[in-house]
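In what follows, a single structure is set out as structure tokens and then discussed.
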Amino acid sequence: MELSNDQKYALNQLMSWFKATQKARPYITLGGFAGTGKSTLISQLRKNLYKDNKELQVAFCSFTGKATRVLRQKLGEQKILLENDRVSTIHSLIYSPIVDEKKKEIIGWKRQEEIEADLIIVDEASMVDQAIWYDLMSYGKPIIAVGDHGQLPPINGNFSLMTKPDLVLTEIHRQAKENPIIDVSFLARTEGKIPVKIFGRGVKKLSRIEPETGEEVEELLSTFTPTTLLLCGYNQTRVRLNQFIRNKLGFGSDEPEANDRVICLRNNHEKEVYNGMLGTVAQIRTKNEDWYTATILMDEEEEAYEGQISRKQFNLKDSMNFTDKRKLIMQGDLFDFGYVLTVHKAQGSQAKKVVLFEERFSKMSEDDWRRWLYTGVTRAEEELVIIG
């Protein structure tokens, strides 16, 4: 595996830090922009650690279920998922359920007393908030936090692990240099402005004021497939575009139906569905005025979700999980239509094709805007269409 100079330096630093964890601070942060080979470096690190100690247990984890699945896929491609290792969300790694034995219901979560791991590697660490980080640190295990320091920080508070990473990858890999998405991400990150032009095959920015743009956008929305990720800024835009796409696809009402795309809005560890996971409705029926019973085929999961989902959550601008209705909805799960996501909700996700609607909040600083734009752009793997 050929590493760049900054990858080699970072690898040596990580190995030295891990060997000296009893003397050094218990964590180290690694930042890298898109195309700098963070996953490649972590794969090589795991191989080196295995050479030194074949019994070493590594817990790979990420903040969201979707990011965890992407991480598992990358580790699998690099063939470094070892028998002793585990890949999970941070939440399932360190928390266990509190069960009401009489009602047989989960009524809360508590931090586990111990976790079986010699090293914790946190991916997409830019998403980790302060409370979760302190809980992770409480186990006294060495932690490597890996993230893209150009992305958005956690939604809650001012805490960010990626503000000033200890180690930074800056060199773009040769293969990545040939990818026009990397060119666009560079402009987003450094300028906060992306010109209207074609950057390469399947990668372009359209001007919203051009007459033909409306027709092209309608075509993009009308030909939606699950391999496409549609992103925007405002929740009201998300709701409106979800409704537009469903109308174009022939759905007859505002209520979810079989074959609808949906997104999970709250973790349920018992059913193994997590905030940000996408799926397709297989069956759904109305139970009462508050609940549906549904079977949902979650993307890239072997087992289907079956359970109660809230009727009132669909087409709302905000998640009911963060309102005064929270206690009333604990007996079921929260889903909404998942054709269009906000950029914040899409952190940790990737798709072959991304359509990004530029929407800037009035109170956004220049730095916040660049991070928002960069985060949206870097969700794309092959094709990217930006609507200016």
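The values are calculated or read from the model by the stated rules, or taken from the named source; none is laboratory data. Keep in mind it's a predicted model, so treat the numbers as computed, not measured. Every residue, glycine as well, gets a Cβ built from its backbone with ideal geometry; the counts of neighbours run over all protein chains shown. Side chains included, ligands, DNA and RNA excluded: accessible areas come from the protein's heavy atoms. Shrake-Rupley method; radii C 1.70, N 1.55, O 1.52, S 1.80 Å.
Between ARG285 and ALA131, the modelled labels are 3.8 nm apart [label points 7 Å from Cα along Cα→Cβ]. Pairs with C-alpha atoms separated by more than 19 Å, drawn from the list LYS66/LYS141; LYS164/LYS193; LYS79/LYS177; LYS19/LYS47; LYS79/LYS141, are LYS66/LYS141; LYS164/LYS193; LYS79/LYS177; LYS79/LYS141. Eigen-decomposition of the gyration tensor built on the alpha-carbon atoms of the stretch 248-297 gives equivalent ellipsoid semi-axes of 20, 14, 9 angstrom, largest listed first. In this structure, the amide hydrogen of VAL99, modeled 1.01 Å from its nitrogen in the peptide plane, lies closer than 5 angstrom to those of ILE107, counting only residues at least 5 positions away or on a different chain. Rg and Dmax over the alpha-carbon atoms of the stretch 1-98 stand at 14.2, 48 Å.
If each Cα of the stretch 338-388 is one equal point scatterer, what is log10 of I(q)/I(0) from the Debye formula at q = 0.24, 0.30, 0.31 Å⁻¹? Calculated log10 I(q)/I(0) at the listed q: -0.94, -1.32, -1.37. Evaluated at q = 0.10, 0.18, 0.23 Å⁻¹, the base-10 log of the normalised Debye intensity for the stretch 196-303, with identical point scatterers placed on the Cα atoms, takes the values -0.39, -1.07, -1.48.
Only Cα sites of the chain enter the Debye sum here, all with the same form factor; the resulting log10 I(q)/I(0) across q = 0.11, 0.13 1/Å is -0.84, -1.16, listed in q order.
For the stretch 147-243, the Kirkwood estimate of hydrodynamic radius, built from reciprocal distances between every pair of different alpha carbons, is 16.7 Å. Accessible surface of the chain, 1.4 Å probe: 47 percent of it comes from carbon and sulfur atoms. Restricting the calculation to Cα atoms, every distinct pair contributes to the Kirkwood radius of the stretch 176-226, found to be 12.4 Å.
Multiplying the residue separation of LYS271 and THR190 by 0.36 nm and removing their Cα-Cα distance gives an extension gain of 25.0 nm. Most tightly packed first, judged by the mean number of other beta-carbon atoms within 10 Å of their residues, the peptides 141-152, 74-85 read 141-152, 74-85. Lysine pair count for the stretch 236-358 (Cα-Cα distance under 15 Å; residues 8 or more apart in sequence or on different chains): 5.
Note that the stretch 293-309 has calculated 3J(HN,Hα) couplings of 10, 9, 10, 10, 8, 6, 4, 6, 10, 6, 9, 6, 7, 9, x, 8, 10 Hz, one per residue in order, obtained from phi through the Karplus relation 6.51 cos²θ - 1.76 cosθ + 1.60 (θ = phi - 60°); glycine and proline are x. Between Rg and the Kirkwood Rh of the stretch 60-211, both from Cα atoms, what is the Rg to Rh ratio? Result for the stretch 60-211 is an Rg/Rh of 1.07. Its relative contact order, with pairs defined as Cα atoms under 8 Å and 6+ residues apart, puts the chain at 18 percent.
Mean projected area of the convex hull spanned by the Cα atoms of the stretch 236-388, taken over all viewing directions: 10.1 nm². Over the residues of the chain, the helix contribution to mean residue ellipticity at 222 nm works out to -8500 deg cm²/dmol, using -39500 (n - 2.57) for each DSSP H run of at least 4.
Using a probe of 1.4 angstrom and keeping all protein chains present, the accessible surface of the chain works out to 50 square angstrom per residue. Put simply, when 200-208, 31-39, 361-369, 213-221 are sorted by average Cβ atoms within 10 angstrom per residue, most first, you get 31-39, 200-208, 213-221, 361-369. Take every pair of alpha-carbon atoms less than 8 Å apart whose residues are at least six positions apart; their mean separation over the length of the stretch 226-297 yields a relative contact order of 20 percent. Residue separation of ASP367 and GLU114 scaled by 0.36 nm, minus their Cα-Cα distance, works out to 87.2 nm of gained length.
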